[in-house]
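Undergrad: My questions will all concern the structure given below.
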Amino acid sequence: MRGVAGRYPLDQETVLKFGKALGALLHRMNGAGRPQAVLGEDTRESSHWISEALAAGVKSSGAGLVYAGVITTPGIAFLTRHHEFTAGIMVSASHNPYDDNGIKVFAPSGLKLSEAQELEIERAIEREGPDEGTHLHEGLDVEPAFLGQYVNYLKGLLPAPLRLPKAPLVVDCANGAASRVVPMLLNELGIEGRILNSAPDGRNINFQCGSLHPGSMAREVQASGACLGVALDGDADRAIFATSEGHIADGDHVLYALAPFFEQRGKLKGHAVVGTQMSNLGLERALERCGISLKRTDVGDRYVLEEMLRSGYNLGGEPSGHVIFSDLSLAGDGMITLLQILRLLVETGASFTELVSGLKQYPQIIRNIPVRDKRPLESVPEIARTIAASCNELGKAGRIVVRYSGTEPLARVMVEAEDAAAVELHAARIEKAIESAIGIR
């Protein structure tokens, strides 16, 4: 659930109802005994009052709740599994601006709730009348051990002894939840780190920093002579990297660097990697040369994980920086991705530049077009004809993906091909057709 904090469905009354509905679901999930949930939040100014409203709703249902305070989304997924909580709840809007917020819920396995369970909660919220008897908790007491437990888990993912690079590492925390995790983790690992954007004030989360704005991180890597740079997002489930020369490397580069490494050691299950419709065609061609297949899903880490679990694959991700190592965690975790890259550097003795040099990404354009409604694209003749004509012209030399954003009133157009001029031409054609038919004027 995601939106503008303070407005439906993230107004106080609806969040209270959400907590009650979730508490009732937890009782059914738990069977006998009292269910227990763990709750965490990011650094947005709205996160704490949303946490208080959620806690009040959950506890009013008779369920128990333990508060982890500011922590990353994958940190909550870890705590849920580690302590066998009935559910983990995270208050965050991930990479969105500070005035947005959201609620994510994890099952004990670390998976997000099923769509059927989400629908059950939505219906319960709709049935619930005005809430007059539930009051917000007067403060939430943080369980102090939780953050350290998560950091120790991350530290344990690197085999000891492992001689980490002596050159410094640059980490952009996006003024988000990673601001609490990164300093502790680097200290535990004995890594010299240049930490950027780790002074959250409630409103600067993701603001011109983090995984959506990795340029300043990349420049700092080059200027400081660092071996590697990484930019996380507000809840640290995404990671975008930079080489020592300051070149930005996205999730496709991470998959390309790691998949052959795993394959050579017999650890890449199914000889395949799971990507999405947005994964660059260059990644697919580069992996083919290594004897590795790319399996595509719809856009979204949920769908990547579903395919990984269904088909038994253990590596998947998106260009946005969501990468999932299902043998380690079922949640995308930017910190785990960073640790896997560090291990790769140490065990191969290669630089990150060398490890990603074989990936030549095709020219790609992504256009976001504001729309007044989200009619099925195939039902709008002008749009359907334009997309079909462009696909026919490109043939096997390129790809076109047109879809709606899941969280915003936007149509997203992705065009990639060997010829940059063709990419620009077809992206402009499709954008014009969408603007003409359903765009906001």
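Undergrad: If I ask for residues that are more than 26 Å from the chain's Cα centre (by Cα) and among the small types (Gly, Ala, Ser), which ones from segment 4-61 would you list?
TA: Ala24, Gly31, Ala32, Gly33, Ala56, Gly57, Ser60, Ser61
Undergrad: Another one. Which members of segment 278-301 meet the condition of being surrounded by fewer than 16 Cβ atoms within 10 Å (Cβ to Cβ) and either in contact with a Lys or Arg (Cβ under 7 Å, 6 or more places away or on another chain) or in a helix (DSSP H, G or I) (or both)?
TA: Within segment 278-301, Arg285, Glu288, Arg289 qualify.
Undergrad: Would you say Glu318 is in contact with an Asp or Glu (Cβ under 9 Å, 6 or more places away or on another chain), at negative phi, buried (at least 21 other Cβ atoms within 10 Å of the Cβ) and of a type in the set (D, E, K, R)?
TA: Numbers: in contact with an Asp or Glu (Cβ under 9 Å, 6 or more places away or on another chain): yes; at negative phi: yes; buried (at least 21 other Cβ atoms within 10 Å of the Cβ): yes; of a type in the set (D, E, K, R): yes.
Judged against the criteria, Glu318 is a match.
Undergrad: Looking at (1) free of Cβ contacts under 8 Å to residues at least 60 places away in the same chain; (2) in contact with a Ser or Thr (Cβ under 7 Å, 6 or more places away or on another chain); (3) not hydroxyl-bearing (Ser, Thr, Tyr), which is the one condition that is false for Gly64?
TA: Only one criterion is unmet by Gly64, namely (2).
Undergrad: Against the definition (within 15 Å of Glu126 (Cα to Cα) and touching a residue at least 60 places away in the same chain (Cβ under 8 Å)), how does Ala53 come out, yes or no? I'd like the intermediate steps shown before the answer.
TA: Details: within 15 Å of Glu126 (Cα to Cα): no; touching a residue at least 60 places away in the same chain (Cβ under 8 Å): yes.
Here the answer is no, as Ala53 does not meet what is asked.
Undergrad: Okay, moving on. If a residue must be touching a residue at least 60 places away in the same chain (Cβ under 8 Å), under 11 Å from Ala124 (Cβ atoms) and of a type outside the set (Phe, Trp, Tyr), how many such residues does segment 5-26 contain?
TA: Here the count works out to 6.
Undergrad: Okay, next question. Among the residues of segment 375-408, write down those that are in contact with a strand residue (DSSP E or B) (Cβ under 7 Å, 6 or more places away or on another chain) and part of a helix (DSSP H, G or I).
TA: Initial filter on segment 375-408 (in contact with a strand residue (DSSP E or B) (Cβ under 7 Å, 6 or more places away or on another chain)): 377, 387, 390-391, 394, 397-405, 407.
Answer for segment 375-408, where residues must be in contact with a strand residue (DSSP E or B) (Cβ under 7 Å, 6 or more places away or on another chain) and part of a helix (DSSP H, G or I): Leu377, Ile387, Ser390, Cys391, Leu394, Ala397.
Undergrad: Identify all residues within segment 306-326 that are without any contact (Cβ under 8 Å) to a residue 40 or more places away in the chain and part of a loop (DSSP other than H, G, I, E, B); write none if there are none.
TA: Selection gives Ser326 alone.
Undergrad: Oh, and also: Within segment 173-184, is there a residue that is more than 29 Å from Thr80 (Cα to Cα) and either in a helix (DSSP H, G or I) or among the charged types (D, E, K, R) (or both)? Give the derivation first.
TA: First, pick out the residues of segment 173-184 that are more than 29 Å from Thr80 (Cα to Cα): none.
No: zero hits.
Undergrad: Within segment 357-397, can you find the residues that are among the acidic types (Asp, Glu), farther than 28 Å from Ala286 by Cα and more than 30 Å from the chain's Cα centre (by Cα)? Break it down stepwise before answering.
TA: So the first thing to find is which residues in segment 357-397 are among the acidic types (Asp, Glu), and the list is 373, 378, 382, 393.
Still in the running and farther than 28 Å from Ala286 by Cα: 373, 378, 382.
Within segment 357-397, just Glu382 meets the criteria.
Undergrad: Next question, about the same structure. Which residues, taken from segment 15-48, are of a type outside the set (A, V, I, L, M), crowded, with 17+ Cβ neighbours inside 10 Å and closer than 28 Å to Arg203 by Cα?
TA: Answer for segment 15-48, where residues must be of a type outside the set (A, V, I, L, M), crowded, with 17+ Cβ neighbours inside 10 Å and closer than 28 Å to Arg203 by Cα: Lys17, Phe18, Gly19, Gly40, Glu41, Asp42, Thr43, Arg44, Ser46, Ser47, His48.
Undergrad: Counting just the residues of segment 133-155 that are of a type in the set (Gly, Ala, Ser) and modelled with pLDDT under 95, which one comes out nearest to Ser351 (Cα to Cα)? Break it down stepwise before answering.
TA: Of all residues in segment 133-155, those of a type in the set (Gly, Ala, Ser) come to 133, 139, 145, 148.
With modelled with pLDDT under 95 added as a condition, the list becomes 133, 139.
Details: Gly133: 60, Gly139: 48 Å.
So, considering only residues that are of a type in the set (Gly, Ala, Ser) and modelled with pLDDT under 95, the one nearest to Ser351 (Cα to Cα) is Gly139.
Undergrad: Criterion first (among the aliphatic types (A, V, I, L, M) and touching a His at 6+ places or on another chain (Cβ under 9 Å)) does Ala249 satisfy it?
TA: no
Undergrad: With respect to Gly358, is the statement that it is surrounded by fewer than 17 Cβ atoms within 10 Å (Cβ to Cβ), among the small types (Gly, Ala, Ser) and farther than 16 Å from His253 by Cβ true? Before you say what the answer is, go through the steps one by one.
TA: On the way: surrounded by fewer than 17 Cβ atoms within 10 Å (Cβ to Cβ): yes; among the small types (Gly, Ala, Ser): yes; farther than 16 Å from His253 by Cβ: no.
For Gly358, the condition - surrounded by fewer than 17 Cβ atoms within 10 Å (Cβ to Cβ), among the small types (Gly, Ala, Ser) and farther than 16 Å from His253 by Cβ - is not met.
Undergrad: Given (1) surrounded by 17 or more Cβ atoms within 10 Å (Cβ to Cβ); (2) of a type outside the set (A, V, I, L, M); (3) within 30 Å of Ala226 (Cα to Cα), identify the lone condition not met by Thr386.
TA: Just one mismatch for Thr386, condition (3).
Undergrad: Can you tell me which residues in segment 52-95 are acidic (Asp, Glu) and closer than 16 Å to Glu41 by Cα? Before the answer, list the steps.
TA: Kept after step one, since they are acidic (Asp, Glu), are these residues of segment 52-95: 52, 84.
Correct list: Glu52 only.
Undergrad: Another question about this same structure. Find all pairs meeting these conditions: Cβ atoms under 6 angstrom apart; at least six residues apart or on different chains; first residue within segment 183-196 and modelled with pLDDT under 95; second residue among the charged types (D, E, K, R).
TA: Going by the 6 Å Cβ cut-off, the qualifying pairs are Glu188/Lys155.
Undergrad: Scan segment 337-354 residue by residue and report those that are of a type in the set (A, V, I, L, M, F, W, C), out of contact with any Pro (no Cβ under 9 Å at 6 or more places or on another chain) and assigned to a helix (DSSP H, G or I).
TA: Of the residues in segment 337-354, the ones of a type in the set (A, V, I, L, M, F, W, C) are 338-339, 341-342, 344-346, 350, 352.
Next, only the ones that are out of contact with any Pro (no Cβ under 9 Å at 6 or more places or on another chain) stay: 338-339, 341, 344, 350, 352.
Answer for segment 337-354, where residues must be of a type in the set (A, V, I, L, M, F, W, C), out of contact with any Pro (no Cβ under 9 Å at 6 or more places or on another chain) and assigned to a helix (DSSP H, G or I): Leu338, Leu339, Ile341, Leu344, Phe352.
The values are calculated or read from the model by the stated rules, or taken from the named source; none is laboratory data. Bear in mind that the values here come from a model prediction, so they are computed numbers and not experimental data. Here the Cβ is made from the backbone with ideal geometry for all residues, glycine too, and neighbour counts use every protein chain on show.
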